[in-house]
1. List every residue pair whose Cβ atoms sit under 7 Å apart, with the two residues 6 or more apart in sequence or on different chains, where the first one lies in region 86-100 and is open to solvent by less than 50 Å² (accessible area, probe 1.4 Å) and the second, anywhere, is in a loop (DSSP other than H, G, I, E, B).
2. Which members of region 71-101 meet the condition of being touching a Pro at 6+ places or on another chain (Cβ under 9 Å) and either within 12 Å of A37 (Cα to Cα) or hydroxyl-bearing (S, T, Y) (or both)?
3. Check whether at least one residue in region 54-66 is within 16 Å of the ligand (Cβ to nearest atom) and surrounded by fewer than 16 Cβ atoms within 10 Å (Cβ to Cβ), and report yes or no.
4. I'm trying to understand the selection: among the residues of region 68-126, which are among the β-branched types (V, I, T) and within 16 Å of the ligand (Cβ to nearest atom)?
5. When the residues of region 3-19 are narrowed to those that are polar (S, T, N, Q) and not in a loop (DSSP other than H, G, I, E, B), which ends up modelled with the highest pLDDT?
Amino acid sequence: MFQAPAGVFIEPEFLQTLDPRQLKSGYAEVLKHWLIADAAAFEQHRRLGWLTDDWTPIIRESVALKQRIVAQDPLESGPRKLLNFGHTVGHALESYLLNQPGREALHGEAVAAGLVCESWLSVQRGLLSADEARQNRNLRVFGVR
Ligand SMILES: [Zn+2]
């Protein structure tokens, strides 16, 4: 059963307490939102990279995008499944690495790898062009090549 939260409180200053690896991991989820729903924003941020002093507009944009998708499909019977992009492979990788001492992946790191793998699968199924998949693969923010 899905239940909408009563509220979501976000304090961007808290992000300043995180190390860069954690920030980059979280940014993978933001990039995922742009990949599935806003190609122009994805392209703009792909060029800028993930380092920023002000996360507020990025968080605002990402949360609004997720809210739009969830509002369209509160029971995850259609478009909301897009939010799982990168997570099928990502969760498998995350679980696998959990049992590899010293090689654990953060959630966003695993999702980033999942985005690349699932983009490749989409090309194989004719759902994504090779050029689009190449752009996804070249996410320099993740260091994935
Ligand atoms: Zn996730």
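1. Going by the 7 Å Cβ cut-off, the qualifying pairs are E94/A105; L97/R103; L97/E104; L97/A105.
2. Of everything in region 71-101, just one residue is touching a Pro at 6+ places or on another chain (Cβ under 9 Å) and either within 12 Å of A37 (Cα to Cα) or hydroxyl-bearing (S, T, Y) (or both), namely R80.
3. So far as region 54-66 goes, yes, one or more of its residues are within 16 Å of the ligand (Cβ to nearest atom) and surrounded by fewer than 16 Cβ atoms within 10 Å (Cβ to Cβ).
4. The initial filter retains those residues of region 68-126 that are among the β-branched types (V, I, T), namely 69-70, 88-89, 111, 116, 123.
Selection gives I69, V70, T88, V89, V111, V116.
5. This residue is T17.
The values are calculated or read from the model by the stated rules, or taken from the named source; none is laboratory data. Since the model is a prediction, treat every value here as computed from it, not as a measurement. Glycine gets a Cβ as well: all are built from the backbone with ideal geometry, and neighbour counts include every protein chain shown. Heavy atoms of the whole protein, side chains included, go into the accessibility calculation; ligands, DNA and RNA do not. Shrake-Rupley method; radii C 1.70, N 1.55, O 1.52, S 1.80 Å.
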